[in-house]
Amino acid sequence: MSEQETQDRGEMDADESGEVEAVEFDQQEGNGDEEGEVASPEDELEAARAEAAANYDRYLRSVAELDNYRKRTVRMRTEAREDTLRDLLLQVAPVLDNLHRALNQQTQDADSLKQGVELICGQFNEVLKGYGLAEIEAVGQSFDPNLHEALAEVPSAEHEPGTVMEEMEKGYKLNDKVVRPSRVVVSKAIEEK
């Protein structure tokens, strides 16, 4: 053998011996564990079953807790809605009483009847304002599609184009959020012929 071949052969032997040493070291580590407490497969299986049972128990408890939470929130929402509705009805009841009184009046005076209805309307608006409901101002304002719904466009020389001329139905906001847009008639420029 030449000197080069001998050197290459020596390197290969070193690599092979390194692999053998690593395998022997791993086996020694495994033997070290077995010298302590030896866990039989039955013990490991029993430990895995116990852990699985504990996990399943935690799962069942979590599902039950989530179900109870859902039921509790539904009940709380229902109670809150009923309390709010009860409060609103208690405040609307006097308005309804006043309407009944106005209808039971034996009078021929239309002006006094109109005045009474206007007072009742004002009373009802105050009740609704207490809940955050506010009317949207429309007449004379520029048309805003976020606040108004155009029912018609009418040519007008008196108003600038895009101005609300007439309000057909009041619009309302609840806490600055549009509940119902105002239904309006909007002006447009007169077409020249």
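Of the residues making up the range 156-178, those that are open to solvent by 90 Å² or more (accessible area, probe 1.4 Å) and either assigned to a strand (DSSP E or B) or among the basic types (Lys, Arg) (or both) number 3.
Out of curiosity, is residue 73 within 30 Å of residue 120 (Cα to Cα), open to solvent by less than 80 Å² (accessible area, probe 1.4 Å) and either β-branched (Val, Ile, Thr) or in contact with a strand residue (DSSP E or B) (Cβ under 6 Å, 6 or more places away or on another chain) (or both)? Criteria not met by residue 73.
Filtered by the rule that a residue be out of contact with any strand residue (DSSP E or B) (no Cβ under 6 Å at 6 or more places or on another chain) and closer than 22 Å to residue 129 by Cβ, the range 160-176 gives 175, 176.
Residue by residue, here is whether (1) assigned to a helix (DSSP H, G or I); (2) open to solvent by 100 Å² or more (accessible area, probe 1.4 Å); (3) modelled with pLDDT of 85 or more holds:
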residue: 51; (1), (2), (3): yes, yes, yes
residue: 55; (1), (2), (3): yes, no, yes
residue: 63; (1), (2), (3): yes, no, yes
residue: 83; (1), (2), (3): yes, no, yes
residue: 92; (1), (2), (3): yes, no, no
residue: 114; (1), (2), (3): yes, yes, no
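Could you tell me whether any residue of the range 32-43 is open to solvent by 100 Å² or more (accessible area, probe 1.4 Å), modelled with pLDDT of 85 or more and more than 38 Å from the chain's Cα centre (by Cα)? Spell out the reasoning first.
First pass over the range 32-43, keeping only residues open to solvent by 100 Å² or more (accessible area, probe 1.4 Å): 33-35, 37-38, 42.
Okay, now just the ones that are also modelled with pLDDT of 85 or more, so 42.
Now restrict to residues that are more than 38 Å from the chain's Cα centre (by Cα): 42.
Scanning the range 32-43 turns up at least one residue that is open to solvent by 100 Å² or more (accessible area, probe 1.4 Å), modelled with pLDDT of 85 or more and more than 38 Å from the chain's Cα centre (by Cα).
Quick check, is residue 78 among the polar types (S, T, N, Q), at pLDDT 85 or above and exposed (fewer than 12 other Cβ atoms within 10 Å of the Cβ)? It is true that residue 78 is among the polar types (S, T, N, Q), at pLDDT 85 or above and exposed (fewer than 12 other Cβ atoms within 10 Å of the Cβ).
The values are calculated or read from the model by the stated rules, or taken from the named source; none is laboratory data. This one's a predicted model, so the numbers in the text were calculated from it and none came from an experiment. For neighbour counting, all protein chains shown are included, and Cβ atoms are generated from backbone atoms with ideal geometry for every residue, glycine included. Areas reflect the complete protein model, heavy atoms only, side chains present, ligands, DNA and RNA absent. Shrake-Rupley method; radii C 1.70, N 1.55, O 1.52, S 1.80 Å.
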